[in-house]
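Just below is one structure, and these are the notes that go with it.
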Ligand code: FAD
């Protein structure tokens with residue numbers, strides 16, 4: 001069995017693996033896609049000390065760093081169940097195999113919810129973006145739309161309004177769903193237009209995004225907005241379905257962790273976008289992974305026989 005088994009090989013899982021392996025304990029990482037969301041990222045400019053890099057390059061560097069240590073890397077493995085036990089915790093894989101470990105770190109990340117309209121997939125990273133903290137500065141002075149009028153959409157619109165030239169916020173419902181204080185702030189901004197009861201039907205462009213089409217749901221009329229960027233903010237979904245019923249999750253499906261990354265199940269830790277940690281970013285996930293590995297190590301030295 002492993003001392004520490006990490007499920008998920010994004011920035012959180014990679015950092016956890018390096019920290020665990022450096023303690024000289026038996027460490028494994030099982031993941032579907034080593035690198036995680038970073039593989040789908042173009043430019044990364046906010047991982048402090050690396051001024052600028054590309055997602056696939058960063059993902060490769062994560063794996064290289066882990067491979068520098070004696071870590072059992074099991075790629076293309078999808079976990080389907082966690083079975084807590086008094087001594088060993090079991091992780092069952094889709095492949096039919098099962099892994100056992102004294103402690104487990106879950107770092108299965110999250111995914112942005114897509115709106116599934118024509119142009120979204122085609123123009124990903126070519127004007128279609130999901131993360132205002134990451135990509136906002138790329139649209140300095142330009143025109144963008146934010147799709148989604150919940151807290152994350154309205155926060156994104158307020159944030160972007162300070163960087164870009166103009167923001168159009170588009171909400172499907174007849175009213176915004178964000179907190180009143182955010183809505184007040186939004187409405188006070190001069191370079192923001194808000195359209196409610198509006199259904200985005202297409203993101204247009206040639207090489208890059210050049211506009212967006214929405215349907216006014218009251219009249220059925222199609223309207224076009226010219227712009228250079230579209231931020232989709234209709235939810236970040238944690239990859240935690242496989243944990244339902246075993247590990248305590250928030251109402252958004254995020255794994256509830258304490259300050260050491262400990263979950264509701266003894267010996268099971270979690271890190272990164274899959275958890276309740278506020279702000280989903282690479283540097284935060286990596287720091288979280290380190291923290292969970294140290295938390296797991298601390299747990300092991302208290303509970304395992306020498
Ligand atoms: P993830 O990166 O999501 O990794 C999860 C890992 O778990 C993957 O290996 C996945 O294959 C695996 N996994 C999932 N489910 C299972 C399962 N059941 N069994 C086994 N393995 C599983 N952040 C920044 O800081 N700067 C940026 O510029 C930036 N740009 C971004 C651009 C895009 C397009 C996207 C999508 C995100 C961006 N982010 C950026 C956010 C950043 O990528 C995430 O915050 C970060 O990757 C989270 O790391 P993580 O390790 O928690 O999860």
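Any idea which of (1) within 22 Å of residue 46 (Cβ to Cβ); (2) under 26 Å from the mean Cα position of the chain (by Cα); (3) in contact (Cβ under 8 Å) with a residue 24 or more places away in the chain is the one residue 141 doesn't satisfy? With respect to (1) within 22 Å of residue 46 (Cβ to Cβ); (2) under 26 Å from the mean Cα position of the chain (by Cα); (3) in contact (Cβ under 8 Å) with a residue 24 or more places away in the chain, residue 141 is out only on (2). Scanning the stretch 273-285 for residues that are out of contact with any strand residue (DSSP E or B) (no Cβ under 8 Å at 6 or more places or on another chain) and assigned to a helix (DSSP H, G or I), we see that the one that is farthest from residue 26 (Cα to Cα) is 284.
Applying the set (1) within 12 Å of the ligand (Cβ to nearest atom); (2) more than 30 Å from residue 153 (Cβ to Cβ) to residue 96 leaves exactly one unmet item: (1).
Is it fair to say residue 105 is under 19 Å from the mean Cα position of the chain (by Cα) and part of a strand (DSSP E or B)? Answer is yes for this residue.
Of all residues in the stretch 198-225, those that are touching a strand residue (DSSP E or B) at 6+ places or on another chain (Cβ under 8 Å) and under 20 Å from residue 166 (Cα atoms) total 16. Restricting attention to the stretch 85-98, the residues that are surrounded by 15 or more Cβ atoms within 10 Å (Cβ to Cβ) and within 21 Å of residue 301 (Cα to Cα) total 3. Among the residues of the stretch 241-253, is there at least one that is over 18 Å from the mean Cα position of the chain (by Cα), under 17 Å from residue 101 (Cα atoms) and at pLDDT 95 or above? Yes, the conditions are met somewhere in the stretch 241-253.
Answer yes or no as to whether residue 261 is under 21 Å from residue 242 (Cα atoms), at pLDDT 95 or above and touching a helix residue (DSSP H, G or I) at 6+ places or on another chain (Cβ under 6 Å). Taking the combined requirement at face value, the residue satisfies it.
For the stretch 219-233, a tally of residues being touching a residue at least 24 places away in the same chain (Cβ under 8 Å) and in a loop (DSSP other than H, G, I, E, B) returns 3.
In this structure, is residue 253 surrounded by 15 or more Cβ atoms within 10 Å (Cβ to Cβ), under 30 Å from residue 174 (Cα atoms) and within 13 Å of the ligand (Cβ to nearest atom)? Considered against the rule, which asks whether it is surrounded by 15 or more Cβ atoms within 10 Å (Cβ to Cβ), under 30 Å from residue 174 (Cα atoms) and within 13 Å of the ligand (Cβ to nearest atom), residue 253 comes out as yes. The residue that is nearest to the ligand (Cβ to nearest atom), among those in the stretch 1-27 that are assigned to a strand (DSSP E or B), in contact (Cβ under 8 Å) with a residue 60 or more places away in the chain and buried (at least 24 other Cβ atoms within 10 Å of the Cβ), is 7. The set of residues in the stretch 276-303 that are in contact (Cβ under 8 Å) with a residue 12 or more places away in the chain, more than 8 Å from the ligand (Cβ to nearest atom) and within 30 Å of residue 42 (Cα to Cα) comprises 276, 277, 279, 287, 290, 291, 292, 293. Out of 265, 257, one residue alone is in contact with a strand residue (DSSP E or B) (Cβ under 7 Å, 6 or more places away or on another chain), under 18 Å from residue 298 (Cβ atoms) and assigned to a loop (DSSP other than H, G, I, E, B). It is 257. Of note, residue 40 satisfies the criterion of being under 30 Å from residue 147 (Cα atoms) and modelled with pLDDT under 95.
Residue selection: residue 66 fails the criterion of being in a helix (DSSP H, G or I) and within 9 Å of the ligand (Cβ to nearest atom). Would you pick out the residues in the stretch 28-54 that are in a helix (DSSP H, G or I) and within 7 Å of the ligand (Cβ to nearest atom)? Those that are in a helix (DSSP H, G or I) and within 7 Å of the ligand (Cβ to nearest atom): 36, 37, 38, 40. Considering the stretch 109-207, the qualifying helices (runs of 4 or more DSSP H), each wholly inside and each with 3 or more residues that are out of contact with any helix residue (DSSP H, G or I) (no Cβ under 8 Å at 6 or more places or on another chain), more than 16 Å from the ligand (Cβ to nearest atom) and more than 30 Å from residue 287 (Cα to Cα), run over 180-187.
Let's see how each residue does on (1) closer than 21 Å to residue 280 by Cβ; (2) surrounded by 14 or more Cβ atoms within 10 Å (Cβ to Cβ):
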| site | (1), (2) |
| --- | --- |
| 29 | yes, yes |
| 32 | yes, yes |
| 40 | yes, yes |
| 51 | no, no |
| 59 | yes, yes |
| 73 | no, yes |
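The values are calculated or read from the model by the stated rules, or taken from the named source; none is laboratory data. Since the structure is predicted, the reported quantities are computational estimates derived from the model, not experimental observations. Glycine gets a Cβ as well: all are built from the backbone with ideal geometry, and neighbour counts include every protein chain shown.
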